[in-house]
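Everything on this sheet refers to the single structure shown next.
The values are calculated or read from the model by the stated rules, or taken from the named source; none is laboratory data. What you see is a predicted model; the values in this text were computed from it and never measured. Neighbour counts run over all protein chains shown; Cβ positions are idealised from the backbone, glycine included. Note: accessible area is taken over every heavy atom of the protein model, side chains too, but ligands, DNA and RNA are not part of it. Shrake-Rupley method; radii C 1.70, N 1.55, O 1.52, S 1.80 Å.
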Amino acid sequence: MSVDALFRPLRVGTLDLPNRVIMAPLTRARATEQHVPTPVQALYYAQRADAGLIISEATAVHPMGMGWYRAPGIWNADMVTGWRAVTDAVHAAGGRIYSQLWHMGRLVLPDYIDGQQPIGPSPIAGEGETFAPRPDGDTSHFLPMKPYVVPREMTQADIDEVVSAYGLGARNAMAAGFDGVEIHGANGYIIDQFLQSKTNRRIDGYGGSVGNRVRLLSEIIEAVAREVDPGRIGLRVSPTSERKGMGDDNPAALTEAIGALAQDHGLAYIHLIEPIASGFMEKPDYPVMDHLRAVFGGTIIQNGSFDAETAAEYIASGKADAISFGRPYIANPDLVSRLRHGWPLAQADFDYAYVGEDKGYTDYPRYA
């Protein structure tokens, strides 16, 4: 079938995109150990600037929300300066880039926060394990792994601090030259932890009913919207995901509450993770796209195991307005051209997905 639908221009909020191929956030761990973006990241993003829109890797808004070795942050001046080099490089290459604002909540290891207990909506540990910091003197290639720990249940003061951190992150993102921001409400991180019933067992105004569970997200949107035009704000959600111990009793109702909230605030888009095929995440038993479309009139970006044909089919049928691609962008800086012309995709070397410098990051060639 024709893939032309994937390459039609699209207006998202107040931003015009030349095509509907979105570069999804990809945590690649090439910042410094102090979480400051580096010149190699500027090159990496500039190489992919022909995407309709680049959404940056997840970028922490607060030290307590940073639990990934050499992932970038955006809470201080050095980070803003580092990100400015990235956005300048993308814009010089003709691209557009949003900052994805992130807080990991219960998925932060104490190793990253000076031994403190991480925070979350309820004292329930995430399932599985994650990368730990590299010990001093360790020169091995792969990072050590450790299991998640039980978080400390957040107080109102903790919640207020997280909300303020998202507002500061948004302000810093605009100072760094980003075209807009995406609020990371997916993949089991702090906003998602409040949204889903399995991880939110609170009995105050932030827990229980769906209306209470979306309250933190609402306050974060309000804080971000004080710094960024809502027409330049997106929201990423994964209401059907059960990774890392997530889960919700009624994903459809949760999706409708999230969509109504985004509609009320006039957000530019919702970035929905709802895989259509097996892959990194399991295909949901109960898709929620129709529930989202019923309450949200903005752009909907779909993510999850698409190729050019299925992406074009989803757009042509109205199931999505644009499609984001994650893992294919690792080894294919020219992904737009490869999808447009049907050229084969290069395969990524995942031994260097989260560790290294140039190798496995900026050394993938364009199609010859």
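What the table below lists for this structure:
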{"quantity": "Approximate shape of the range 191-298 as ellipsoid semi-axes (Cα gyration tensor, √5λ), whole Å, largest first", "calculated": "21, 18, 12"}
{"quantity": "Value of Rg to Rh for the range 98-179 (Rh from inverse mean 1/r over Cα pairs, i.e. Kirkwood)", "calculated": "1.05"}
{"quantity": "Antiparallel DSSP beta bridges within the chain, percent to nearest 5", "calculated": "15 percent"}
{"quantity": "Solvent-accessible area of Ser164 with every protein chain in place, 1.4 Å probe, in Å² to the nearest 10", "calculated": "80 Å²"}
{"quantity": "Volume in Å³ per residue [convex hull over Cα atoms, computed for the chain]", "calculated": "122 Å³"}
{"quantity": "Distance in nm between pseudo-label sites at Ala93 and Gln116 (7 Å out along the Cβ direction from Cα)", "calculated": "3.6 nm"}
{"quantity": "R0 of 30 Å, Cβ-Cβ distance Met145-Asp16: FRET efficiency to nearest 0.05", "calculated": "0.10"}
{"quantity": "Fully extended contour minus Cα-Cα distance, from Ala157 to Gln347, at 0.36 nm per residue", "calculated": "63.8 nm"}
{"quantity": "Spatially near lysine pairs across the chain, Cα under 22 Å, sequence gap of 8 or more or different chains", "calculated": "5"}
{"quantity": "Ile203-Thr32 FRET efficiency (beta carbon distance; Förster radius 56 Å; 0.05 resolution)", "calculated": "0.85"}
{"quantity": "Along principal axes, Cα extents of the range 1-160, largest first, whole Å", "calculated": "49, 37, 36"}
{"quantity": "Accessible area expressed per residue, the chain, with surrounding protein chains retained (probe 1.4 Å, Å²)", "calculated": "38 Å²"}
{"quantity": "Exposure rank, largest accessible area first [Arg232, Arg8; 1.4 Å]", "calculated": "Arg8, Arg232"}
{"quantity": "Share of alpha-carbon pairs per 10 Å distance bin for the range 225-368, given as whole %", "calculated": "11, 33, 33, 21, 3"}
{"quantity": "Length released on extending from Glu127 to Ser2, taking residue separation times 0.36 nm less the Cα-Cα span", "calculated": "40.8 nm"}
{"quantity": "Span from the the range 22-68 Cα centroid across to the the range 82-113 one, whole angstrom", "calculated": "4 Å"}
{"quantity": "Where labels lie 7 Å past Cα in the beta-carbon direction, separation of Glu357 and Glu309 in nm", "calculated": "4.3 nm"}
